[in-house]
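Remarks on the structure that follows.
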Amino acid sequence: MVPATISGETAAPIQSTDTHCPYCALQCAMTITSGVGTPRIAPREFPTNRGGLCRKGWTAAELLSTPDRVSSPLIRDESGTLVPTSWQVALDFVAERIRTIQGKHGKDSVAVFGGGGLTNEKAYQLGKFARIALGTANIDYNGRFCMSSAAAAANRSLGLDRGLPFPVTDFDEADVIMLIGSNPAETMPPLVGHFAHAKNTGGLIVLDPRVTATAALVGEFGEHIQPVPGTDLAVLLGISHVIAFEGLLDRDYIAERTQGFDHYLSALSAWWPERTEAVTGVPAEQIRSVARTLAANSPKQGGRTFIITGRGIEQSRQGTDGVTAAINLALMLGLVGAAGSGYGTLTGQGNGQGGREHGQKADQLPGYRMITDPDAREHVAKVWGVELQDLPDKGKPAVELLKGLGQPDGPQALLVHGSNIVVSAPRSIDIAERLRSLKLLVICDFILNETSQYADVVLPVLQWAEEDGTMTNLEGRVIRRKAATQPPEHARSELWVMRELAQRLGAPGVWSTDPAEVFDELAAASRGGKADYSGLTHQTLDCHEAHTGGQPGSGLYWPIPATSQAGTPRVFTHTFPTPSGRATFHPVQHRGNADPITRDHSIYLVTGRVLEQYQSGAQTRRVKALTDAVPEAYVEMHPLLAQRYDLQEGQNITLKNDRGTVAAAVRITRNIRPDTVFMPFHWGHENSVNRVINWVTDPISGMPEFKTATVLIETSRTTAVSAP
Ligand SMILES: Nc1nc2c(c(=O)[nH]1)N[C@H]1C(S)=C(S)[C@@H](COP(=O)(O)OP(=O)(O)OC[C@H]3O[C@@H](n4cnc5c(=O)[nH]c(N)nc54)[C@H](O)[C@@H]3O)O[C@H]1N2
Ligand SMILES: Nc1nc2c(c(=O)[nH]1)N[C@H]1C(S)=C(S)[C@@H](COP(=O)(O)OP(=O)(O)OC[C@H]3O[C@@H](n4cnc5c(=O)[nH]c(N)nc54)[C@H](O)[C@@H]3O)O[C@H]1N2
Ligand code: SF4
Ligand SMILES: [Mo]
């Protein structure tokens, strides 16, 4: 912090602190000025946001002093009310209940659910806490709902999952950027500034069933592909077919840097453009023209092209294969690792990248090590000071874990750090039932979100601007988050909460509450792993982020081994971290959605986000300017569909399927396919779209099918029309 005083104001000390936004993975840089009234936020020059912020970033300080902040630990009393209590009583109660439940049902009967918004230090400590303080295998987190398909595909094909294997500034010179199921104009607005060159030269290609704010940028010369929801994989096979059979491949690259292409070629042969059109609704001519544009701008032709995936293709039961098709296309064109070109995914949550590297994923240990790898286990057990046999095996991925809650063989207790499950998990009505059947639900949060209504204990923790730590953004750039404001009296850091519980449970090992010390331990645990942070400390990061010589600081990209202490802005430039050093073409086939269109009146539902709300809405629905901008749940539909059901703008309707119903107001727009409706997932209770979303998962990644489902439309007048 830099203390200062502003003349003319009373003598309150003014603190200005350079830090980063609490929300998405772009991690825009900002300065917080605190000391008088609500802290003020100003954007800061940084390579990702270049002095810009979106509306959520500008208003992020408001939540720090929200009137409904949890002001003391809460325990549910016999009448069912959450009542204030002391930290001592709350922690003793939680530890005692955990001991009793584990005594009766075994160690794995206590589960942990983490979040991609936690700092690296908290995510690391949570993984360690679960494994050696609770001794449970059952820890997973909301990143399973977010990045798991992209991660699984990148690991399988390229040997490494670093969301963007290059800096976002590489987009600046791009000729072509193809965005598959991604809407950054709403989900990461300052990122779109990096697309200016591609946009201005007609090189933006957007795949989305809706004319999103991003699709609207393609202009006259770019391409908006509007597929039937859930068919992107087939579109990509169709494009790849044209590239292969028109001889537009980069044969030298395929020969030198990849393996398995011939096998893939045979999988492509069935996807000629006209067949692809029949499956996807995308005109054969558009498939041909996009394939030719991509090839004409590939590195072989002296061009610079990026293929990028987002949740639109990833959140599906074939999400891993969908991303694999995108990677295969990028490999055919010689993009991956070439200068000024590449494949990547846009990681979502603030620490969505770091959150998947340091051990809160069911099958991982810190440093992106696998918990099933004997060498990794030995290394981490040593750092944690425990015997090898004391490390549990891999746990269940999120959906499986949540489905099992309260079931005879499933977890009987759950600790939640940074997720609002009853709004954001699929099939949320059933998930709520599972939460109700638990013997213990403990929620660490700073507000009472919708999931708290099922909690036995709520522990009030610190918010982003109140604690130190590090975050790893969508480029794998490790940056510093800094304490800028004073926390309220009764809130405590999660590192402290974990230490207190670990001690009460008689856990082995060291439980520091100092983020810099926890980071040093994380760095040691990650040493030699794929995501190696061993060359980093809070202090070195502070130097790298400092503004020097008029240049904005920039953090460091992992891997950052202790031996070099230098970052790695670009990976894959010379080799792939696979046994052969090559990337692999994995053959994939289109299987389609789990929900079939079988009934006369069923329509596609797609889900996603709006600029002004974040995730389950727990945070942004408490910020006035954001809620004024988008106050309630809505369903977007085409005028033709509205006409068919005789619906007016603003009318309340219900979407229904076998899993439940969801209520929302109609918004009529031409920006969507007439057979499809769109609903954001930022609201709870009867307005939570996840009440109708399937919990079927991708067999490789465990990702549920969030993006698409089929529903019937019901209104008081149209019930008869829409009945099956
Ligand atoms: N404003 C805002 N910004 C955010 C967030 C937020 O909640 N609000 N969350 C952050 C997080 S965690 C994430 S993961 C990212 C997500 O960032 P994005 O991936 O950009 O966001 P989404 O809106 O979830 O999905 C993108 C698009 O997928 C489309 N889509 C739906 N079904 C299909 C399909 O079958 N095929 C294709 N091609 N597209 C489809 C939707 O129409 C939507 O426009 O955003 C981050 N930024
Ligand atoms: N239908 C549908 N469902 C979806 C998606 C979709 O596109 N469609 N997207 C999915 C995706 S990509 C994601 S990422 C998830 C996100 O959905 P959730 O996992 O519900 O994420 P948030 O709404 O960000 O919930 C964060 C909660 O943690 C609290 N919190 C914030 N920071 C901290 C912290 O540091 N510590 C603790 N203890 N608490 C904190 C907040 O107050 C809030 O209550 O939703 C998924 N669900
Ligand atoms: S784009 Fe993301 S990081 Fe930047 S201000 Fe908006 S929410 Fe914050
Ligand atoms: Mo996400």
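The values are calculated or read from the model by the stated rules, or taken from the named source; none is laboratory data. Fair warning: this is a prediction, and the values are worked out from it, not measured in the lab. Note that we place each Cβ from the backbone using ideal geometry, even for glycine, and neighbour counts take in every protein chain shown.
Residues that are surrounded by 24 or more Cβ atoms within 10 Å (Cβ to Cβ), within 17 Å of GLN315 (Cα to Cα) and not polar (S, T, N, Q) within the stretch 141-160 comprise TYR141, GLY143, ARG144, PHE145, CYS146, MET147, ALA150, ALA151, ALA153, ALA154, listed in sequence order. Taking the criterion of being at positive phi and either within 21 Å of the chain's Cα centre (by Cα) or surrounded by 19 or more Cβ atoms within 10 Å (Cβ to Cβ) (or both), the only residue of the stretch 169-203 that qualifies is GLY181. The residues of the stretch 512-529 that are assigned to a loop (DSSP other than H, G, I, E, B) and crowded, with 20+ Cβ neighbours inside 10 Å amount to a single one, GLY529.
Any residue at all in the stretch 232-245 that's within 16 Å of ligand 2 (Cβ to nearest atom) and under 26 Å from ALA709 (Cβ atoms)? Lay out the reasoning, then the answer.
Of all residues in the stretch 232-245, those within 16 Å of ligand 2 (Cβ to nearest atom) come to 232.
Still in the list and also under 26 Å from ALA709 (Cβ atoms): 232.
Yes, the conditions are met somewhere in the stretch 232-245.
Every test in (1) under 30 Å from MET30 (Cβ atoms); (2) surrounded by fewer than 13 Cβ atoms within 10 Å (Cβ to Cβ); (3) at pLDDT 95 or above is passed by GLY550 save one, and that test is (3). Is there a residue being within 18 Å of PHE129 (Cβ to Cβ), of a type in the set (Gly, Ala, Ser), touching a strand residue (DSSP E or B) at 6+ places or on another chain (Cβ under 6 Å) and not in a helix (DSSP H, G or I) anywhere in the stretch 372-394? No. Of all residues assigned to the stretch 636-649, none qualifies as being part of a loop (DSSP other than H, G, I, E, B), of a type outside the set (Val, Ile, Thr) and under 30 Å from GLU433 (Cβ atoms).
Based on this model, can you work out whether SER512 counts as more than 30 Å from GLY238 (Cα to Cα) and in contact with a Gly (Cβ under 7 Å, 6 or more places away or on another chain)? Considered against the rule, which asks whether it is more than 30 Å from GLY238 (Cα to Cα) and in contact with a Gly (Cβ under 7 Å, 6 or more places away or on another chain), SER512 comes out as no. Would you check which residues across the stretch 377-401 are among the acidic types (Asp, Glu) and within 30 Å of TRP695 (Cβ to Cβ) and list them? ASP393, GLU400, listed by residue number.
Filtered by the rule that a residue be in a strand (DSSP E or B) and within 15 Å of SER316 (Cβ to Cβ), the stretch 677-712 gives THR697, PRO704, THR708, ALA709, THR710. Looking only at residues that are assigned to a loop (DSSP other than H, G, I, E, B) and either more than 22 Å from TYR614 (Cβ to Cβ) or out of contact with any strand residue (DSSP E or B) (no Cβ under 9 Å at 6 or more places or on another chain) (or both) in the stretch 409-426, which one is farthest from ligand 2 (Cβ to nearest atom)? Residue satisfying both the conditions and the ranking: ASP409. Can you name the residue in the stretch 683-714 that is over 13 Å from SER428 (Cα atoms) and in contact with a Gly (Cβ under 7 Å, 6 or more places away or on another chain) and is also surrounded by the most Cβ atoms within 10 Å (Cβ to Cβ) among such residues? If we take residues in the stretch 683-714 being over 13 Å from SER428 (Cα atoms) and in contact with a Gly (Cβ under 7 Å, 6 or more places away or on another chain), then MET703 is surrounded by the most Cβ atoms within 10 Å (Cβ to Cβ). Listed by position, the helices (runs of 4 or more DSSP H) contained in the stretch 152-258 that have at least 3 residues being within 16 Å of ligand 3 (Cβ to nearest atom) and modelled with pLDDT of 95 or more are 184-187.
Exactly one residue out of ALA133, ALA111, ALA154, ALA137 is more than 25 Å from LEU541 (Cα to Cα) and not assigned by TED's automatic domain parsing to the domain that holds HIS538: that is ALA154. In this structure, is GLY303 surrounded by fewer than 24 Cβ atoms within 10 Å (Cβ to Cβ) and in contact (Cβ under 8 Å) with a residue 60 or more places away in the chain? Answer is yes for this residue. Given the condition surrounded by 18 or more Cβ atoms within 10 Å (Cβ to Cβ), under 24 Å from the mean Cα position of the chain (by Cα) and within 16 Å of ligand 4 (Cβ to nearest atom), answer yes or no: does some residue in the stretch 619-631 qualify? Yes, because at least one residue in the stretch 619-631 is surrounded by 18 or more Cβ atoms within 10 Å (Cβ to Cβ), under 24 Å from the mean Cα position of the chain (by Cα) and within 16 Å of ligand 4 (Cβ to nearest atom). Cβ-Cβ distances below 9 Å connect the following pairs, each with a first residue in the stretch 565-590 that is more than 23 Å from LEU265 (Cα to Cα) and touching a residue at least 12 places away in the same chain (Cβ under 8 Å), a second residue that is of a type in the set (Gly, Ala, Ser) and assigned to a strand (DSSP E or B), and a separation of six or more residues or different chains: ARG570/GLY342; PHE572/GLY342; PHE572/ALA583. Taking the stretch 344-360 as the search range and keeping residues that are in a loop (DSSP other than H, G, I, E, B) and within 14 Å of ligand 4 (Cβ to nearest atom), which one is surrounded by the most Cβ atoms within 10 Å (Cβ to Cβ)? If we take residues in the stretch 344-360 being in a loop (DSSP other than H, G, I, E, B) and within 14 Å of ligand 4 (Cβ to nearest atom), then THR347 is surrounded by the most Cβ atoms within 10 Å (Cβ to Cβ). The test for being loosely packed, with under 14 Cβ neighbours inside 10 Å, in a loop (DSSP other than H, G, I, E, B) and either in the same structural domain as GLU256 (by TED's automatic domain parsing) or on the phi < 0 side of the Ramachandran plot (or both) does not hold for HIS590.
Residue count for the stretch 301-349 satisfying the condition of being acidic (Asp, Glu) and within 16 Å of ligand 3 (Cβ to nearest atom): 0. Which one is nearest to ligand 1 (Cβ to nearest atom) among residues in the stretch 44-87 that are of a type in the set (A, V, I, L, M, F, W, C), part of a loop (DSSP other than H, G, I, E, B) and touching a Leu at 6+ places or on another chain (Cβ under 8 Å)? For the stretch 44-87, the residue satisfying everything is CYS54. Cβ-Cβ distances below 8 Å connect the following pairs, each with a first residue in the stretch 16-36 that is farther than 20 Å from ARG162 by Cα, a second residue that is within 16 Å of ligand 1 (Cβ to nearest atom) and basic (Lys, Arg), and a separation of six or more residues or different chains: CYS21/LYS56.
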